[in-house]
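A.B. asks: First, the structure itself, so that you have it in front of you.
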Amino acid sequence: MFRAISLAVVFTFTLSVAPYAQGSVTGAWELNINGPQGALTAAAALTQDGEVVTGTIDSPQGTVPVKGTLKGKALALTFSVDGPQGPLEIKVTGDVDGDTIKGMLDFGMGQADFTAAKKK
């Protein structure tokens, strides 16, 4: 009987900790983007509240707000930059693994892969 109760307590504890085990993307990030015209670097400052992620991204086009979600390890963000033909909506998807992110940027006319590392 004691063993069954112990297993139930461990199982309940595991379920209650699982949502918090994903970590947080809050902090400063350095991005390396393999763009269609060559490699680019950018910096992001993110804040996470539950699954909601907000912040800014600094790129050659300037500093812009970013918003999205982190569900488990799946990060989804959007931001807009001013392009020569008007605003360009960029969608970011990636997998968070501790202090690193790997994913894709979709800027409508194409895609670029990226990696990001959390600044210490």
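Nothing in this text is a laboratory measurement; each read-out follows from the coordinates by a stated rule. Note that this is a predicted model, so its numbers are computed, not measured. Cβ sites come from the backbone with ideal geometry, for glycine too, and all protein chains shown count toward neighbours.
A.B. asks: If we restrict to alpha carbons, what Rg and Dmax does region 21-68 come to, in Å?
C.D. replies: When restricted to Cα atoms, region 21-68 yields Rg and Dmax of 12.0, 37 Å.
A.B. asks: Enumerate the amide H contacts of V53 below 5 Å, restricted to partners 5 or more residues apart or on another chain; note that Pro and chain-start residues carry no placed amide H.
C.D. replies: Under 5 Å from the amide H of V53 lie the amide H atoms of G68, T69, L70, each far enough along the sequence or on another chain.
A.B. asks: What's the extension gain from A117 to A74 if we count 0.36 nm per residue and subtract their Cα-Cα distance?
C.D. replies: Taking A117 through A74 to full extension adds about 13.9 nm, to one decimal.
A.B. asks: Add +1 for every Lys or Arg and -1 for every Asp or Glu among the other residues with Cβ under 9 Å from the Cβ of A42, and state the total.
C.D. replies: Result for the local shell: -2.
A.B. asks: Let me ask something else. Using modelled amide H (1.01 Å from N, peptide plane; none on Pro or chain starts), what sits under 5 Å from the amide H of G35, excluding residues fewer than 5 places away?
C.D. replies: Result for G35 returns L40.
A.B. asks: Does region 23-118 come out rounded, prolate or oblate by the C-alpha gyration tensor, with a ≥ b ≥ c the root eigenvalues, rounded set by a/c under 1.5 and, if not, prolate when a/b is larger than b/c and oblate if not?
C.D. replies: Prolate.
A.B. asks: Which distance in nm do the two modelled labels at V52 and F107 give, with both placed 7 Å along the Cα-to-Cβ direction?
C.D. replies: The two pseudo-label positions are separated by 2.9 nm.
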